[in-house]
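Below is one structure, written out as structure tokens; comments come after it.
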Amino acid sequence: MNERIFSERNLIEQLCKDLNQAHDEICRLQGIDPTTHDWPEWTPQANSIRCAERMLYRKMAKTNQWTEYPG
């Protein structure tokens, strides 16, 4: 059981990393600094990352713009 929880947590973390890396690439292609921008708050990607934050009890967003765990 603990092994399953560990692998589910790892999957959620990896999915958030993948979303954040995709956003970084979009920013780079648009000539925007990816360290100062995040998914728009209303997007499905931001909603998914916030949901992951609630499940993991930690910040998964790139910035403090809309995270539930700023700082």
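Could you compute how much accessible surface Thr67 exposes when probed at 1.4 Å, giving the result in Å² to the nearest 10?
Roughly 20 Å² of Thr67 is accessible to a 1.4 Å probe.
What ranking of Asp24, Asp18, Asp38 comes out by heavy-atom accessible area, probe 1.4 Å, highest first? Before the final figure, lay out each step's value.
Working: Asp24 35, Asp18 70, Asp38 10 Å².
So, going from the largest accessible area down, we get Asp18, Asp24, Asp38.
Sort Ile49, Ile5 by accessible area with a 1.4 Å probe, largest first. Intermediate results must be reported in sequence, preceding the final value.
Details: Ile49 0, Ile5 75 Å².
Putting Ile49, Ile5 in descending order of accessible area: Ile5, Ile49.
For the range 19-63, report the translational diffusion coefficient in µm²/s to the nearest whole number, using Stokes-Einstein at 4 °C, 1.567 mPa s, and a Kirkwood Rh over Cα pairs. Can you show the working numbers first?
Values: Rh = 10.8 Å.
Approximately 120 µm²/s, per Stokes-Einstein.
Could you work out how far helix 44-56 tilts from the main Cα principal axis of the chain, as a 0 to 90 degree angle to the nearest 10?
40 degrees
The values are calculated or read from the model by the stated rules, or taken from the named source; none is laboratory data. Please read these numbers as outputs of a predicted model, since none were measured by experiment. Side chains are part of the model used for accessible areas, which takes the heavy atoms of the whole protein and leaves out ligands, DNA and RNA. Shrake-Rupley method; radii C 1.70, N 1.55, O 1.52, S 1.80 Å.
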